[in-house]
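Here the structure is laid out as structure tokens; the discussion comes afterwards.
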Amino acid sequence: AEQEKALKWLNANVFVSPDWLIQADIVKNISPSGSVEQIQKLQAAQLRNLLSKRRLERMIDNEALNGSSAYALADMLSDLRKGLWSEAQSGRKTDAYRRNIQRAHIIRLGQLMNEKTMLRSDIQAATRAELKAIQSLAKARANSYGAGMDKYHLQDAVALIDDIFAEGKN
């Protein structure tokens, strides 16, 4: 329950567009550009921390030991996807900050899925399933947007996932 609550907090406070942090009057006086990239790096670091291999392995162990009372890896990944991709699910516009964290999400899942190891685990299976779910969502929703970044981003997400799956076959 605590893990699930923590993920909800991350989705609501860390993986959102940081409007409170980016006040145009202040940002333009501090640095001429790069705030989008700086926020991307901060958010991606938190996402990598959340999706660290060791953390995911501990979740698998916890589920094996505690069964249905554990916060399952598949449930956590699904909750994360629903939080990060909420705009595509609802048809709302997605700003640059959210597009960046969504890309980082795809890339991190791809890294986990394609990690070269002698022993495959539930991590590869779960991350593959998540990538397929994101790809299905992006394919289904891309044409509901008119020309512009929302549509292009979802089309790019599909292509990025195709590339990740092709990389895994090598």
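Listed here are the residues, each with its yes/no results for (1) closer than 20 Å to residue 160 by Cβ; (2) modelled with pLDDT of 95 or more; (3) open to solvent by 60 Å² or more (accessible area, probe 1.4 Å).
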| position | (1), (2), (3) |
| --- | --- |
| 68 | no, no, yes |
| 110 | yes, yes, no |
| 115 | yes, no, yes |
| 118 | no, no, yes |
| 129 | yes, yes, no |
| 133 | yes, yes, no |
| 138 | yes, yes, no |
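Among the residues in the stretch 76-90, are any in contact with a helix residue (DSSP H, G or I) (Cβ under 8 Å, 6 or more places away or on another chain), aliphatic (A, V, I, L, M) and over 22 Å from residue 42 (Cα atoms)?
Among the residues of the stretch 76-90, at least one is in contact with a helix residue (DSSP H, G or I) (Cβ under 8 Å, 6 or more places away or on another chain), aliphatic (A, V, I, L, M) and over 22 Å from residue 42 (Cα atoms), which makes the answer yes.
Condition test on residue 60, is it modelled with pLDDT of 95 or more, surrounded by fewer than 20 Cβ atoms within 10 Å (Cβ to Cβ) and under 20 Å from residue 128 (Cβ atoms)? Steps first, please.
Working: modelled with pLDDT of 95 or more: yes; surrounded by fewer than 20 Cβ atoms within 10 Å (Cβ to Cβ): yes; under 20 Å from residue 128 (Cβ atoms): yes.
Criteria met by residue 60.
In the stretch 70-96, how many are part of a helix (DSSP H, G or I) and either closer than 23 Å to residue 112 by Cα or open to solvent by 40 Å² or more (accessible area, probe 1.4 Å) (or both)?
Counting residues in the stretch 70-96 that are part of a helix (DSSP H, G or I) and either closer than 23 Å to residue 112 by Cα or open to solvent by 40 Å² or more (accessible area, probe 1.4 Å) (or both) gives 15.
Among residues belonging to the stretch 140-170 that are open to solvent by 80 Å² or more (accessible area, probe 1.4 Å) and not in a loop (DSSP other than H, G, I, E, B), point out the one that is farthest from residue 99 (Cα to Cα).
169
Suppose we filter 11, 29, 49 for residues that are among the polar types (S, T, N, Q), surrounded by 15 or more Cβ atoms within 10 Å (Cβ to Cβ) and either modelled with pLDDT under 90 or part of a helix (DSSP H, G or I) (or both); which single one remains?
After ruling out the rest, the residue left standing is 11.
The values are calculated or read from the model by the stated rules, or taken from the named source; none is laboratory data. Just so it is clear, the model here is predicted, and its values are computed rather than measured. All Cβ positions, glycine included, derive from the backbone under ideal geometry; neighbour counts span all protein chains shown. Each accessible area value is taken on the protein alone, full model and side chains, heavy atoms only, with ligands, DNA and RNA left out. Shrake-Rupley method; radii C 1.70, N 1.55, O 1.52, S 1.80 Å.
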